[in-house]
Amino acid sequence: MKTTDLAVIGAGPAGMGAALAARKHGVKDIIILERADKAGGILPQCIHNGFGLHRFREELTGPEYALRFLKAAEKEHIEIKLNSMAIEITPDLTVVAMSRENGVVRYRAKAIVLAMGCRERTRGAIQIPGARPAGVITAGTAQRFVNIEGYMPGKEIVILGSGDVGLIMARRLTLEGAAVKAVCEIMPQSGGLRRNISQCLNDFNIPLLLNTTVNEIHGRERVSGVTIARVDEKFRPVSGTELYIPCDTLMLSVGLIPENELSRAAGVELAENGGAKADRYMRTNVPGIFACGNVVHVHDLVDYVTDESEEAGKNAAYYILGRKTGGKGYTFHQKTPETDEALAVNERRLTCIVCPVGCNMIVRLDEKGGVADVSGNKCKKGGYYAIEEFTAPRRVLTSTVPYEFNRETGFAPVKTKGAMPKKLLIAAMGEIAKIRLNKPAGAGDVIIRDLLGTGADVVLTDDLPL
C-alpha cells in the first residue's frame, strides 16, 4: 500500500488542471493515474484549432493546449503514472491501479479527484436497425484513426448526429479526400457549436439535414449505403420520406456519456445525465472525493473544463489541509442561445468563427455588394472577420505529417501559423502530404515556410518523441 495526499484519476485537461491547482494551494504529494501511454486525454487527437481562446486569449490546437499543462506539471514535479489504469476506488479513499510495469498497486489518499472524462454513445445505444457490416464507426474513433494512426475509415461517408466531433471530422475527412455525403441530425437543431457548422459544413457545401435519422444500414461485409428518413415530433420515421444514400462508412456523432463506472463503485451519487453529482465546490457526496470536467457533465469547451478542474483541485487541497472551503464556488457554463432574426433583402446572416461563442451576426451589404454594416458581434474581431469573409475569406489549416526516426514512427500534428486563403486549402493539403519527418523536432518548429506563397508557415503543434 502506497500513500499520497491527492490521487487524480485521469491526465487529461481536467486531471492536470486539478493537480496544478492543488499544488498551488499547498498540496505536496500528488499522483495522477492515466491509463493511456500519453498525457492529455482526448486532446492529442484533436489536432484542430479553437482551444484556449477563453483561457489563454489565443487560439491553440488540442495538442498545444495539452502541452501547456503537461509542461506546467513537469515544472511542478507532479508525478504522472502513464499506462496505469485505476480499476477500483473505495469509499475509504483507496485507489487500486494496474499497470504492466508495476502490476496491481494500491494508493491510500487523503483526497481523490475524479477526472476520467467521457465516452461516446455507440450504435447499440441508439438502436439503428439493419445489418451489422464493417464501416460503422464513432466520430472519436474515426478521429483517432485519421489523426493518430494515419488510417482513413472510408471514402464515401454519411454522418449521423451533429455533435462537434462529427462536424470537425466532416471537414477533416473532406480535406483528406473523402466525400462526406450528408450530416443527419434527428433534432430540429444541431448539437454542435454554430462556428463548427459554418467552418466545417458550410465551407465545404456539406448538407446538414435536420429532423432526419438513419432508418436502415445496408451491406453484408461492408456498408454499401444507408436509408435516411425524416422524423416526426416523437422522432419516429415518417413513411414516404425515405432516401437511399450509397456510402461505405456510417460515422456516428450521437453524444457523449460521462465515464463514471469508478465513481459509482465508490458510492458517488450520479445525476440524471450520468455525471457525478457535484456541488459548486466540486464536492461529491463521498467526503474527500471531488469530480470535475466531463465526469460531471460534457462540456462544450475545454477552457471551461480547466476552470472547473481548478475549483476541484483547490477545494481538494482545502480538504486535505483542513481549511474551510470559501468563495462563491464554480458557476457552470451554459450554451449560447440560438437566435434567428428576420433578414432584409440586403442582409446576410453570418456565424462568426473567431471564437467558440459563434456570434450570430447580421451583415448589411451596400449597393455594390460590399459590407456596409455588421451587427450582432460581441467584439471588434468579429466585425473584422465579417468584412474579410465577404472579400477574401481565410482559414487556419490543421493536418498531420508522418515521421520515422530512431525506430519511432507515427503522425505529428501540424497547423498553419496564421490563416491562409480558404480557396487554397485543398492545394495546401497536397503540399503537406509530401512532407516526411526524419529527425526530432518540437512544437513550434517550422516544417514548411511560406506555404504556397500565402505567407503562412506550417509548424508542429506537439513535441515528437526523442
Residues of region 250-274 with the amide nitrogen closer than 17 Å to a label point 7 Å from the Cα of I148, along Cα-to-Cβ, please. 257, 259
GluC sites (Glu not before Pro) within region 246-325: DSSP coil, no more than 11 neighbouring Cβ in 10 Å: E272
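Given the -39500 (n - 2.57) contribution per DSSP H run of 4+ residues, what per-residue ellipticity at 222 nm results for the chain, rounded to the nearest 500 deg cm²/dmol?
Estimated from H runs of four or more residues: -6000 deg cm²/dmol.
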Please give the helix 62-75 orientation as an angle from the longest Cα principal axis of the chain, in degrees from 0 to 90, rounded to the nearest 10. 20 degrees
With r defined as the distance between the Cβ atoms of N346 and R57 and R0 fixed at 51 Å, what FRET efficiency is calculated, to the nearest 0.05? 0.90
Taking amide H atoms as placed 1.01 Å from N in the peptide plane, list the residues 5 or more away in sequence, or in a different chain, whose amide H sits under 5 Å from that of L270. K277
Lone Cys, the chain, Cβ cut-off 4.7 Å -> C46, C118, C184, C200, C247, C292, C355, C379
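Note down the net charge around S198, summing +1 for each Lys or Arg and -1 for each Asp or Glu among other residues with Cβ under 12 Å from its Cβ.
+4
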Work out how much length E216 to R100 would gain on full extension: take 0.36 nm times their residue separation and subtract the Cα-Cα distance, in nm to one decimal. 37.5 nm
For the chain, take the longest principal axis of its alpha carbons; what is the angle in degrees between that and the long axis of helix 164-175, to the nearest 10 within 0 to 90? 50 degrees
Amide hydrogen neighbours beyond the local backbone of V296, cut-off 5 Å, H modeled: A276
So what does R222 come to for accessible area, using a 1.4 Å probe and Å² rounded to 10? 100 Å²
Pairwise label distance in nanometres, Q189 with R407, each label 7 Å out on the Cα-Cβ vector: 5.5 nm
Full extension from I245 to T122: what is 0.36 nm times the residue separation minus their Cα-Cα distance, to one decimal in nm? 42.2 nm
How about region 194-242: which GluC sites (Glu not before Pro) there lie in a loop by DSSP and see at most 14 other Cβ atoms within 10 Å? E221, E233, E242
Rounded to the nearest 10, the angle in degrees between the Cα long axis of helix 13-24 and the longest principal axis of the Cα atoms of the chain comes to 40 degrees
Along the principal axes of its C-alpha atoms, what lengths does region 209-307 span, in descending order and rounded to whole Å? 55, 33, 28
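Percent relative contact order of region 213-331, based on C-alpha pairs within less than 8 angstrom and at least six residues apart? Before the final figure, lay out each step's value.
Details: 174 pairs, mean separation 18.5, N = 119.
Across region 213-331, relative contact order equals 16 percent.
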Given Cα pairs under 8 Å that are at least 6 residues apart, what percent is the relative contact order of the chain? 15 percent
Could you sort H77, H48, H54 by their accessible area in this structure, using a 1.4 Å probe and putting the largest first? H77, H54, H48
Using amide H atoms built in the peptide plane, which far-off residues or other-chain residues are under 5 Å from G40 H to H? A11, G12
Additional length obtainable on full extension of the chain from E74 to E388, 0.36 nm per residue less Cα span: 108.9 nm
Given that just one value was derived from the coordinates, which of (i) 22.8, 68; (ii) 26.6, 86; (iii) 23.3, 77 is Rg and Dmax of the Cα atoms in Å? (iii)
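The values are calculated or read from the model by the stated rules, or taken from the named source; none is laboratory data. All values derive from a computational prediction rather than experimental measurement. FYI the Cβ positions are ideal-geometry reconstructions off the backbone, even for glycines, and counts take in every protein chain you see. SASA here: full protein model, heavy atoms, side chains in, ligands and nucleic acids out. Shrake-Rupley method; radii C 1.70, N 1.55, O 1.52, S 1.80 Å.
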